[in-house]
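Step one of this worksheet: look at the structure below.
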Amino acid sequence: MATVSLRNLKKSYAGAAQPALSDLSIEIADGEFLVLVGPSGCGKSTALKMIGGLEDITSGEVLIGDQVVNDFASRDRDIAMVFQSYALYPHMSVFDNIAFPLQIAKVGKEEIARRVQEVAKTLQLEPYLQRRPGNLSGGQRQRVAMGRAIIRRPSVFLMDEPLSNLDAKLRVKMRAEVAQIQRQLAVTTIYVTHDQVEAMTMGDRVALMRDGVLQQVASPDEIYHDPANTFVAAFIGSPAMNLFYGTLLRDAGGIKVKLGDATLTVPDAALAKYNLVRDHAMTDIIVGLRPEDLEDAALQPDHPVDQVFEAQVALVESLGSDHMAHVALSAPAVAVEDDVDNLEEVSMTGDIQGRCICRFSSQSKARKGDVARVAVACERLHFFDPKTGRALRDT
Amino acid sequence: MSSAPQLQRSQSDFGVFVGKTARTAVLVVASLWVLGPLFFMVIASFKSVPEFFINPFGLPKEWKIENYSRAWTDAQLSLTLPNTIIVTTVAVLVSTFLATMIAYGLSRKEKKFAMGLYTLFVAGLLVPVHAIILPLFIVLKAVGLFGTLLALIVPYIAMGLPLGVLVLTPIAAALPRDLVHAARMDGATEWQIFIRIVLPLMKPGLISVAILNGVWMWNEFFIPLILAFKPEVQTMPVGIVSFIGSYSTEWGLVFSSVVVSTLPVVIAYLLMTRQFQSGLTAGAVKG
Amino acid sequence: MTQATLPKPPSQFSLRYGHLWFVLPGFLFFLAVMLLPLAFAFGVSMTNWSGLGNDLSFVGLANYAEILTYYPFYRAAFHNAVIFIAILIFQHTIGLYLAVLLNEKPRFMQFYRTVLFLPVIMSLVATGFVWTLMLSPNIGLVNPMLEAIGLGFLAGQWLSQPGTALAVIVFVTAWNSMGWSIIIYLSGLQNVPEELKQAAAMDGANTRQIFWRVVFPQLSPAFTALTVLTFIGTFRTFDVVYVLTGPLGAPNFGTDVLGTLIYRTAFGGSSFSSAEIRFAFGVAMALLMMVVMAAICWGLIRILRSREIEG
């Protein structure tokens, strides 16, 4: 068991304009399950490989326990890794695959047999021990890869998108299993994925990365409810948070935000959370609205009238439990693209008519073409700086 | 007019039949062309000298098995057959193993240095044996290997490398990187990774290379012609040719020697026809 | 995780170049057997060393200059070229045709395939002896067979007539190397996607058109491989000539090829006295041949590959 500390980790490749990873610092507690998430090419796999010793470190330090392991070979770091491709040795039986780390460590034959049996039992692999990996299903292979990692009882697990080659149903099942095994063993785990659902459901904490830069490290709830910037806000959550340019107004009634034709009062709760909002009065800002915070006002007669706007419904998708209503808002939407180089360039979409997605409950009668009244849970509005994209609060 | 299609059809049926027969005939003739001379040679290897002239074409009236026992003693096969086996086996094993090591070492070809080495090894295919054989002779003599089987084994090992590197490097480069990484994570040293992961995974390529090199080493004529003077260190092709100098009329003896020298490769080929054909072709197409 | 058992970190050098340790042992062999002798040979080629004794002096490029006007060199190269062209034609006609026949999966296909490839694994020495026997005027089968089918006027002393000796070399080489063309073309044919042929058939092409317009262009990689292989093989030929007509390229140098010429010059043929051995000159010829062959190979591959892309 060990902590893992990343201190100002940097990776740059010769010839590349910008570093693949810049200045990554995270402290990971003993036994913690940390998920590194982000779009492809964001540097999360590079970071993982650097921790594992499979990639040179350009600068910065990796510590496992109290030891700087930058110059250690992978085998001397006391870590185990599960690969996206599983990397099972195709010429060995399942037994030998799982036993391999022990065989290398020259553990006695009986001890190996006992421990492989134990692991196989945990992972329900007992019937398959004599098979070759080529004759196993995807889920079974995934389990063998897990088995090979846990048998050595390392101080740290590294997992590189271990579930992404499974079909959707199996993925959900294995997600729970992996998380459960990790809790059982209480081994510090660093888990890389591009799937935000995995990130949210599995991790103690989630580290969101983009273009080699860490955006936010926080618990799943925190990263969802208190995103540090527009990128985090847009990446986490499905459907994504609606982001619009708006203007802050201040009048006798307090602080209001104007989104195109609509004007919403900002309640004190939101102002308390986004404590820098007051400084931006009378200027443009970015407003974020989660779809679930937007409800058909017809179903909420008690909702304060100053927290409601009217908009034409462009499309309704029924999910059964909910109706996803796409309404037209006459405010410019903010596009947060994966390929935008930096946050300063969060840009306006061409047309001023932004689409806003609302999660109406299934009782909603709103249909395509109707003008719907949308009740906004304004205490859960999010505010961001229009230039930097940062959340308007002290961190 | 109306019967024309039918006529055409029956004609083409007949045509198909004739065509098929003609094609089979071509294949049979080609096979006879290959097998006939071999068969004739095997027959000849059982004939006595007088019978060659009395009855050159028929089966021998008296099967002279002793041609073979004499080939064993007089034509020195008792020396050259074991020599050939030892030289080929050792050289094939060592050369293939070293070529695999090189291929694995070079397979990280993003390093310019490795790419240069690869080109250098492969360029070795073009080096004419004629040009290097005398310097080689001098070196072998200087280090005291001349007059031993190592005088053949050492050059064979080196000369097997270019083809081995050529065939194996792409195979090594195509090995999934994650497997090597996984083994590294599992605590294996670089050498353990090579022996336990890389080598077994490259087995099909290794067999190709072993066959490719084994065939030419077994059959090689020119190098032992220069580097192996006496029967004690000669391999069969040279042994037979130099033996003929003194016994040129003993046809039965000559052909029994040729049969003995060819038989092991033919048997190996018949046992592993597929591997031989694909292995040799792999080398040829890449070369 | 006690400090005492902590392993030593590897050096930066071993991280960066560690994999080259795998190259080293093989490289040493390669260096000792190929590179150093080659460098030595190049040095020798600029002297007049006979190969024995210490009597030598530096002559610069004189050996190379002499080759340019050395008639036997051109004569031998011409014979190599004749063999190359003849084998090339043979491979791309008969070899290709047999491959096409085998690709139709006749009965006993496996048998034909095995048999037709068999000579490839035989040594050229054994091949040479087989055909020495077959062509022997006294005990060979060829002459009586020719007589039997009414071609008796062709029968003769095959290996001692200047007109036929080279043809025999070609014939025997063809026998030994036919398997290459069959297997290489066959694997090329098997790689032609079935859909392509079916699509052409849908478009109304007949069997012949399908072969020449659709299948044949797909075979150009096989054509390239085979042509280069044949080029290298025929210009290096030595064993067949040595066994069939001897190191002198009998009769009267009618079958003398570069291989035998260089051998004779550098090491002496049976009827040469050692006074005539000119090792340095022979080595110069071998090196010149290597350079020219490398250049031609490179050119061949470039020309044939560019054709492949167009095709």
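The values are calculated or read from the model by the stated rules, or taken from the named source; none is laboratory data. Not measured: the values here are computed from a predicted model. With ideal geometry, Cβ positions are generated from the backbone for all residues, glycine too; neighbour counts draw on all protein chains shown.
Here residue A:130 does not qualify as within 24 Å of residue A:223 (Cα to Cα) and more than 15 Å from the chain's Cα centre (by Cα).
Restricting attention to the range B:90-106, the residues that are within 16 Å of residue B:148 (Cβ to Cβ) and surrounded by fewer than 24 Cβ atoms within 10 Å (Cβ to Cβ) add up to 2. Only a single criterion out of (1) away from chain B (no Cβ under 14 Å); (2) aliphatic (A, V, I, L, M); (3) over 30 Å from residue C:265 (Cβ atoms); (4) surrounded by 18 or more Cβ atoms within 10 Å (Cβ to Cβ) is not satisfied by residue C:89, namely (4).
Please work out which residue is modelled with the lowest pLDDT, limiting yourself to the range B:271-287 and to residues that are more than 7 Å from chain C (Cβ to nearest Cβ) and either part of a helix (DSSP H, G or I) or within 14 Å of residue C:183 (Cβ to Cβ) (or both).
Step one: filter the range B:271-287 for residues more than 7 Å from chain C (Cβ to nearest Cβ), giving B:271-272, B:274-275, B:278-279, B:282-283, B:286.
Among the residues that remain, those that are also either part of a helix (DSSP H, G or I) or within 14 Å of residue C:183 (Cβ to Cβ) (or both) are: B:271, B:274-275, B:278-279, B:282-283, B:286.
Details: B:271: 91, B:274: 85, B:275: 83, B:278: 80, B:279: 77, B:282: 70, B:283: 65, B:286: 56.
Among them, the one singled out is B:286.
If the condition is being farther than 16 Å from residue A:2 by Cα, in contact with a Pro (Cβ under 7 Å, 6 or more places away or on another chain) and more than 13 Å from chain C (Cβ to nearest Cβ), then the range A:68-93 contributes A:82, A:84, A:85, A:87, A:88, A:90, A:91. Taking the criterion of being within 10 Å of chain B (Cβ to nearest Cβ) and hydroxyl-bearing (Ser, Thr, Tyr), the only residue of the range C:34-86 that qualifies is C:45. Listed by position, the helices (runs of 4 or more DSSP H) contained in the range C:173-260 that have at least 1 residues being over 26 Å from residue C:78 (Cβ atoms) are C:194-202, C:220-235. Number of residues in the range A:188-223 that are farther than 22 Å from residue A:168 by Cα, more than 9 Å from the chain's Cα centre (by Cα) and in a helix (DSSP H, G or I): the value is 2. Considering each residue of the range B:54-76 in turn, none proves to be within 11 Å of chain C (Cβ to nearest Cβ) and among the basic types (Lys, Arg).
Considering each residue of the range B:150-157 in turn, at least one proves to be of a type in the set (Ser, Thr, Tyr), in a helix (DSSP H, G or I) and out of contact with any Pro (no Cβ under 6 Å at 6 or more places or on another chain).
When the residues of the range A:94-110 are filtered to those that are at the interface with another protein chain (Cβ under 8 Å from one of its Cβ atoms) and of a type in the set (A, V, I, L, M, F, W, C), which remaining residue is nearest to residue B:182 (Cα to Cα)? Among those that are at the interface with another protein chain (Cβ under 8 Å from one of its Cβ atoms) and of a type in the set (A, V, I, L, M, F, W, C), it is A:100.
Among what's in the range A:242-279 and is of a type in the set (Lys, Arg) and out of contact with any Leu (no Cβ under 8 Å at 6 or more places or on another chain), pick the residue that is nearest to residue A:357 (Cα to Cα).
Initially, the range A:242-279 is screened for residues of a type in the set (Lys, Arg), giving A:250, A:256, A:258, A:273, A:278.
When the remaining residues are screened for being out of contact with any Leu (no Cβ under 8 Å at 6 or more places or on another chain), the result is A:250, A:273.
Values: A:250: 27, A:273: 24 Å.
The residue in question is A:273.
I'm checking my understanding of the structure. Among residues of the range A:140-179 that are buried (at least 20 other Cβ atoms within 10 Å of the Cβ) and β-branched (Val, Ile, Thr), which one is farthest from the chain's Cα centre (by Cα)? Looking at residues that are buried (at least 20 other Cβ atoms within 10 Å of the Cβ) and β-branched (Val, Ile, Thr), I get A:151. Of the residues making up the range B:239-256, those that are part of a helix (DSSP H, G or I) and either more than 9 Å from chain C (Cβ to nearest Cβ) or within 16 Å of the chain's Cα centre (by Cα) (or both) are B:239, B:242, B:243, B:246, B:252, B:253, B:256.
Between B:239, B:144, which is farther than 27 Å from residue C:118 by Cα and in the same structural domain as residue B:114 (by TED's automatic domain parsing)? Walk me through how you get there before you give the answer.
On the way: B:239 fails: farther than 27 Å from residue C:118 by Cα.
Answer to the selection: B:144.
Identify all residues within the range A:93-152 that are hydroxyl-bearing (Ser, Thr, Tyr) and assigned to a helix (DSSP H, G or I); write none if there are none. Within the range A:93-152, A:122, A:128 meet the criteria. Set side by side, the residues A:65, A:53 differ, and just one is surrounded by fewer than 18 Cβ atoms within 10 Å (Cβ to Cβ), within 14 Å of chain C (Cβ to nearest Cβ) and at positive phi, which is A:65.
Considering only residues of the range B:173-186 that are surrounded by 24 or more Cβ atoms within 10 Å (Cβ to Cβ) and either of a type outside the set (D, E, K, R) or touching a residue at least 60 places away in the same chain (Cβ under 8 Å) (or both), which is farthest from residue A:51 (Cα to Cα)? It would help to see each step written out before you state the result.
We begin by selecting, within the range B:173-186, every residue surrounded by 24 or more Cβ atoms within 10 Å (Cβ to Cβ); these are B:182-183, B:185-186.
Of the ones still in play, those that are also either of a type outside the set (D, E, K, R) or touching a residue at least 60 places away in the same chain (Cβ under 8 Å) (or both) are B:182-183, B:185.
Values: B:182: 14, B:183: 16, B:185: 11 Å.
Applying the filter and picking the extreme gives B:183.
Of the residues making up the range B:25-52, just one is within 7 Å of chain C (Cβ to nearest Cβ) and among the polar types (S, T, N, Q), namely B:31. Looking only at residues in the range A:104-121 that are within 37 Å of the chain's Cα centre (by Cα) and surrounded by fewer than 18 Cβ atoms within 10 Å (Cβ to Cβ), which one is nearest to residue A:178 (Cα to Cα)? Per the stated criteria, the residue is A:121. For residue B:149, the criteria (1) surrounded by fewer than 21 Cβ atoms within 10 Å (Cβ to Cβ); (2) modelled with pLDDT of 90 or more; (3) within 12 Å of chain C (Cβ to nearest Cβ) hold in every case but one, which is (3).
It is to be established whether one or more residues within the range B:188-211 are in the same structural domain as residue B:73 (by TED's automatic domain parsing), closer than 30 Å to residue C:247 by Cα and touching a residue at least 60 places away in the same chain (Cβ under 8 Å). Among the residues of the range B:188-211, at least one is in the same structural domain as residue B:73 (by TED's automatic domain parsing), closer than 30 Å to residue C:247 by Cα and touching a residue at least 60 places away in the same chain (Cβ under 8 Å), which makes the answer yes.
Among the helices (runs of 4 or more DSSP H) confined wholly to the range B:174-220, which include 3 or more residues that are more than 7 Å from every other protein chain (Cβ to nearest Cβ)?
Of the helices (runs of 4 or more DSSP H) lying wholly inside the range B:174-220, those with at least 3 residues that are more than 7 Å from every other protein chain (Cβ to nearest Cβ) span B:177-185, B:203-219.
Take the conditions in a loop (DSSP other than H, G, I, E, B) and in the same structural domain as residue A:160 (by TED's automatic domain parsing) and apply them to residue A:60. Does it pass?
It is false that residue A:60 is in a loop (DSSP other than H, G, I, E, B) and in the same structural domain as residue A:160 (by TED's automatic domain parsing).
Of B:114, B:142, B:123, all but one fail to be buried (at least 16 other Cβ atoms within 10 Å of the Cβ) and among the small types (Gly, Ala, Ser); the exception is B:114. Do the conditions hold for residue C:117, that is, is it in a helix (DSSP H, G or I) and within 19 Å of the chain's Cα centre (by Cα)? Considered against the rule, which asks whether it is in a helix (DSSP H, G or I) and within 19 Å of the chain's Cα centre (by Cα), residue C:117 comes out as yes.
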